[in-house]
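Have a look at the structure below, then the notes.
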Amino acid sequence: MSIVNCQLPRWVKSILTDKLLLGQYYAVDSPVHRLDARSKIIASLLFMTTVLIAASRPAYLFLGGIFLIAVLMSRVPLRTLWRGLKAILFLAILTMVLHFFLTPGDYIWQWGTALHISREGIMTGLTLAFRFILLVCFASLLTLTTTPIDLTEGMDRLLTPLKRLGVPTNEFTMMMSIALRFIPTILEELERIMAAQRARGADFASGGLIKRAKAMVPLLVPLFVAAFRRSDELAQAMEAKCYQVGKNRSRWRVSQWRARDSFCLGLFLAVMATTIIWRLII
């Protein structure tokens, strides 16, 4: 059952579909989709680190251009990223406004001794908001261009050296894979619970925001019970199939590191080096 077609209130649908990109995959053939998951994970980490290193407006414009090029090459519509951005837009605006009023410096507006806006506050607020948005959008681009299976496989292969230190990497990646797969299952369970309670007279759509939030509270207990029941059924199914912790698992399709992955990694290393040199010079 598709969560888009279920009979959820419009405001709940907006959160679960339009504003939640976690675990969603945009299926299309593109150069970014064809990259190995390991190269995309490493490239994402390099880009995010570079965003944190950058300290000037030209550097941020440069990184924003790199991000737009990556989006165009991935063939993911900008409106898809914009829908996912709505979920964190409030946090970005709140961070920006707080820095407007709380950062001391050359005041351009002041009301009494409590409220004031400084030039430094405006620059700091805009920089942090742009940095936050860029980080979230690039992380969303990673999940939109990589299937959950490939993502967990890439994480597992990247963490393989930690096995020598006794780190249970297989269990970690298995938990991440199960968590991503359970997202649509839990959403379907939520729709069934809401339909049952609506048949008993519950109202989830009328009233203000606080009233509608309170109406969702009775859904939590049956939702958690259903989630625990499904996890117990999954554990029994895995035991019936002789799943053993710590044992190597075979894979039906194993991704291969190709020249394009090396080129992608080298490109993002060059972007990081350019940003570091830019910061040292400026």
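Is the stretch 106-117 home to any residue that is more than 30 Å from MET175 (Cβ to Cβ) and either touching an Asp or Glu at 6+ places or on another chain (Cβ under 9 Å) or at pLDDT 80 or above (or both)? Taking every residue of the stretch 106-117 in turn, at least one turns out to be more than 30 Å from MET175 (Cβ to Cβ) and either touching an Asp or Glu at 6+ places or on another chain (Cβ under 9 Å) or at pLDDT 80 or above (or both). Restricting ILE93, ILE117 to residues that are touching a strand residue (DSSP E or B) at 6+ places or on another chain (Cβ under 9 Å) and over 30 Å from SER255 (Cβ atoms) narrows the list to ILE117. When the residues of the stretch 141-169 are filtered to those that are aliphatic (A, V, I, L, M) and free of Cβ contacts under 8 Å to residues at least 24 places away in the same chain, the one that is surrounded by the most Cβ atoms within 10 Å (Cβ to Cβ) is LEU159.
The set of residues from the stretch 53-107 being over 22 Å from THR145 (Cα atoms) and among the β-branched types (Val, Ile, Thr) comprises ILE53, ILE93, THR95, VAL97, THR103. For LEU190, are the conditions met, namely being assigned to a helix (DSSP H, G or I), modelled with pLDDT of 80 or more and under 28 Å from THR49 (Cα atoms)? No, not satisfied. All conditions in (1) over 29 Å from TYR26 (Cβ atoms); (2) under 25 Å from the mean Cα position of the chain (by Cα) hold for MET175, with the sole exception of (1). Take the conditions of a type in the set (Val, Ile, Thr), in contact with a helix residue (DSSP H, G or I) (Cβ under 8 Å, 6 or more places away or on another chain) and modelled with pLDDT under 80 and apply them to THR169. Does it pass? Judged against the criteria, THR169 is a match. Applying the selection to the stretch 58-91, what residues are under 17 Å from PHE47 (Cβ atoms) and outside any helix (DSSP H, G or I)? Across the stretch 58-91, the qualifying residue is only VAL76.
Each residue in the stretch 45-94 was checked for being buried (at least 17 other Cβ atoms within 10 Å of the Cβ) and among the hydroxyl-bearing types (Ser, Thr, Tyr), and 4 pass. Restricting PHE130, PHE182, PHE172, PHE138 to those that are aromatic (Phe, Trp, Tyr) and without any contact (Cβ under 8 Å) to a residue 40 or more places away in the chain reduces the list to PHE172. For the stretch 33-54, a residue qualifies if it is among the aliphatic types (A, V, I, L, M) and more than 18 Å from ARG75 (Cβ to Cβ), and the qualifying residues are ILE41, ILE42, LEU45, LEU46, MET48, VAL51, LEU52, ILE53, ALA54.
The values are calculated or read from the model by the stated rules, or taken from the named source; none is laboratory data. All values derive from a computational prediction rather than experimental measurement. Cβ: placed from backbone, ideal geometry, glycine included. Neighbour counts: every protein chain shown.
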